[in-house]
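The values are calculated or read from the model by the stated rules, or taken from the named source; none is laboratory data. Note that the coordinates shown come from a computational prediction; the quantities given were computed from them, not determined experimentally. Because the Cβ atoms are built from the backbone with ideal geometry, glycine has one as well, and the counts that use them run over all protein chains shown. Side chains included, ligands, DNA and RNA excluded: accessible areas come from the protein's heavy atoms. Shrake-Rupley method; radii C 1.70, N 1.55, O 1.52, S 1.80 Å.
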Amino acid sequence: TINNKEAREKLIHRATTKHGITNDRLIFGEQLRVDLHLVRAQACDLYLDSWPYNAHSTATDVLWAGIPLLAYLPDYNHNGRSSSTDQNHKEEPRMWSRVSASLLSTLGMGGELIQSTIQNYEKEAIRYSQNRNSYDSLRKNLLQKRISSPLFDLISYTRHHETAYWEIFVNRFMEQQKPHSSYNVV
């Protein structure tokens, strides 16, 4: 981690300039309270997630703010699994590489926003940046699914957690049984 803000920004500018991205296209933000952070996130049109270390809570924040998030997961098969045959990434993706794909799948938008190859990832990023109708349709879909998806249904999530804890308590402590190997909390 680079603690010096100016040194960090210079390093990022140097790296992006090598790829033809001018400094005026980058906006650095200060740390904010969560409510202001969510408002600021809406200045972004499309969040391009990184590989192999995905955004975690930031991905959730961006999706909640209504910003489409484009993810790369090698050889994603749109059933929520990766078979990792992408020539660029031969090993099975780790947990930190699957977070955004998991969020998008739960949201019901994996087919639109999870790309299985770098080429498709780049192609879709360009398409959404150049085709306003495609982008507007994607964003409208995200805003609708954000309300109806289990990803942001905190009442059901809490209820499922409470039920799982109650079952663990009853099975383990009241009846002296081993708890089930897994509990559904989604």
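Here are 129, 100, 181, 84: which of them is at pLDDT 90 or above and small (Gly, Ala, Ser)? Reasoning before the result, please.
Details: 100 fails: at pLDDT 90 or above; 181 fails: at pLDDT 90 or above; 84 fails: at pLDDT 90 or above.
Being at pLDDT 90 or above and small (Gly, Ala, Ser) holds for just one of 129, 100, 181, 84, which is 129.
Checking residue 163 against (1) at pLDDT 90 or above; (2) open to solvent by less than 60 Å² (accessible area, probe 1.4 Å); (3) of a type in the set (S, T, N, Q), which single condition isn't satisfied?
(2)
For the stretch 140-152, name all the residues that are in contact (Cβ under 8 Å) with a residue 12 or more places away in the chain, closer than 16 Å to residue 111 by Cβ and in a helix (DSSP H, G or I).
Within the stretch 140-152, 141, 142, 145, 151 meet the criteria.
Scan the stretch 10-54 residue by residue and report those that are of a type in the set (S, T, N, Q) and more than 26 Å from residue 141 (Cβ to Cβ).
16, 17, 22, 23, 31
All but one of (1) at pLDDT 90 or above; (2) among the small types (Gly, Ala, Ser); (3) more than 15 Å from the chain's Cα centre (by Cα) hold for residue 105; state the number of the condition that does not hold.
(3)
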